[in-house]
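First up is the structure itself, then whatever we jot down about it.
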Amino acid sequence: MSRQDNAPPESVRYDRNRPCLVPGTRQGRKARYRRRVEPTDENRSAFDAAHRRVERHEAALPPLVRESLADLEGKRVLHLGAGSGAATVEFVELGATVTGVDPSDGALAVARERGPAVLWIHSELDSLPAELLRSRFDLVYAGLETTQGARDLDRFAATVASALRAGGDLLLFDEHPAALCIDGLMHWREDYFAQGFRRLGQLVGALGRHNLVVRALEEFPAGPGSYHDARVPESFLLHARKMR
C-alpha cells in the first residue's frame, strides 16, 4: 500500500489542472465607476463614513470557501478569528468537530449562545493555548482582517503550523491588500509598500518558512454591492498544506 493510500482524506478540494480552488464565476462583470471624479476633503469624508466597516467578521461562511471544502464529516476544524460565531457554526453543520478562537470577550459571549456545540477559546490568534498546538486539526480557517490584523505574520504562521496535523490544510479568505489601498474612485489612498502594511508576498513567505506550502492562491474582483471597481482585486482565497 502506498503512502498516499494511508493519508487521511483531504479537507479541501483541489484540482491540479486549475490555478484556483474552485472555478471562477465572476468573469465579465462591468466596471461600476465610469467617470473620473476628483476627490475633495468633503467627499472623501462622506465616502469613508458611508463605507466604514461595522462588522469585522463574516456574517456567514463565504460561498467561495464553502465551495472549496471537501467532506468535513468527523474532521477537526479550527476557526481563527471566529468573532460572534456566525460562520463557525456552519462547520458544525457540515459535520466537523469545531473549535473557535477570538480575542474579543464580547464576540465570544454571542458566539457561545449561537453555537453550544463549538469549543470557544478566548485568545490572540498568534498565541494559542498549548492544548491547541498539538498537530491535531485537519483544517484551519481564517477570514476577514487576518492578514492586516495579525500582530505578527510569522507568529501567526507558526501557530497555524503547530495546530495542523501533517497533511492538514489552511484556508484563508481575506480582503486583498491592494483593495485596501484604493478608494471607490480608483485613487490610491495608501502606500502598498509602506512599513507595517502586509502584502501578499509577505504572507506567502511567512507560511513557507513554517512548512506550509501554498497550493492555490486565487484573487477575486468586487462583488455586487461593493464600492470597489471590478478591475481591482477585492478579495483572495489561499490554500496551504502542512507537508510534514
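Please work out if Val204 is outside any helix (DSSP H, G or I), in contact with a strand residue (DSSP E or B) (Cβ under 9 Å, 6 or more places away or on another chain) and within 22 Å of Val65 (Cα to Cα). Walk me through how you get there before you give the answer.
Values: outside any helix (DSSP H, G or I): no; in contact with a strand residue (DSSP E or B) (Cβ under 9 Å, 6 or more places away or on another chain): yes; within 22 Å of Val65 (Cα to Cα): yes.
No.
Among Arg151, Arg155, Arg165, which is the only one that is of a type outside the set (Val, Ile, Thr), more than 16 Å from Thr88 (Cβ to Cβ), surrounded by fewer than 22 Cβ atoms within 10 Å (Cβ to Cβ) and modelled with pLDDT under 95?
Being of a type outside the set (Val, Ile, Thr), more than 16 Å from Thr88 (Cβ to Cβ), surrounded by fewer than 22 Cβ atoms within 10 Å (Cβ to Cβ) and modelled with pLDDT under 95 holds for just one of Arg151, Arg155, Arg165, which is Arg151.
Here is a yes/no grid of residues against (1) among the hydroxyl-bearing types (Ser, Thr, Tyr); (2) in contact with a strand residue (DSSP E or B) (Cβ under 7 Å, 6 or more places away or on another chain); (3) modelled with pLDDT under 95; (4) assigned to a helix (DSSP H, G or I):
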site	(1), (2), (3), (4)
Leu78	no, yes, no, no
Ala86	no, no, no, no
Glu90	no, no, no, yes
Leu108	no, yes, no, yes
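Could you list, in sequence order, the residues of segment 174-214 that are under 21 Å from Arg155 (Cα atoms), out of contact with any Asp or Glu (no Cβ under 8 Å at 6 or more places or on another chain) and in contact (Cβ under 8 Å) with a residue 12 or more places away in the chain?
The answer is Pro177, Arg198, Arg199, Leu200, Gln202, Leu203, Val204, Leu207, Asn211, Leu212, Val213, Val214.
Restricting attention to segment 210-228, which residues are more than 18 Å from Leu69 (Cα to Cα), surrounded by fewer than 20 Cβ atoms within 10 Å (Cβ to Cβ) and touching a His at 6+ places or on another chain (Cβ under 8 Å)?
Passing the criteria: only Tyr227.
Residues in segment 84-110 that are surrounded by fewer than 24 Cβ atoms within 10 Å (Cβ to Cβ) and either more than 19 Å from Ser135 (Cα to Cα) or in contact with a Pro (Cβ under 9 Å, 6 or more places away or on another chain) (or both): how many?
Within segment 84-110, residues that are surrounded by fewer than 24 Cβ atoms within 10 Å (Cβ to Cβ) and either more than 19 Å from Ser135 (Cα to Cα) or in contact with a Pro (Cβ under 9 Å, 6 or more places away or on another chain) (or both) number 15.
Give the residues of segment 215-233 that are outside any loop (DSSP other than H, G, I, E, B) and either farther than 17 Å from Ala157 by Cα or touching a Lys or Arg at 6+ places or on another chain (Cβ under 6 Å) (or both), sorted by residue number.
Within segment 215-233, Arg215, Glu218, Glu219, Phe220, Pro221, Pro233 qualify.
Would you confirm whether or not segment 233-242 contains a residue that is at pLDDT below 95, buried (at least 17 other Cβ atoms within 10 Å of the Cβ) and more than 22 Å from Leu125 (Cα to Cα)?
Yes: segment 233-242 contains one or more residues that are at pLDDT below 95, buried (at least 17 other Cβ atoms within 10 Å of the Cβ) and more than 22 Å from Leu125 (Cα to Cα).
The values are calculated or read from the model by the stated rules, or taken from the named source; none is laboratory data. The model shown is predicted, which means the values in this text are computed figures rather than measured ones. Reconstructed Cβ throughout: ideal geometry from the backbone, glycine too, with neighbour counts over all protein chains shown.
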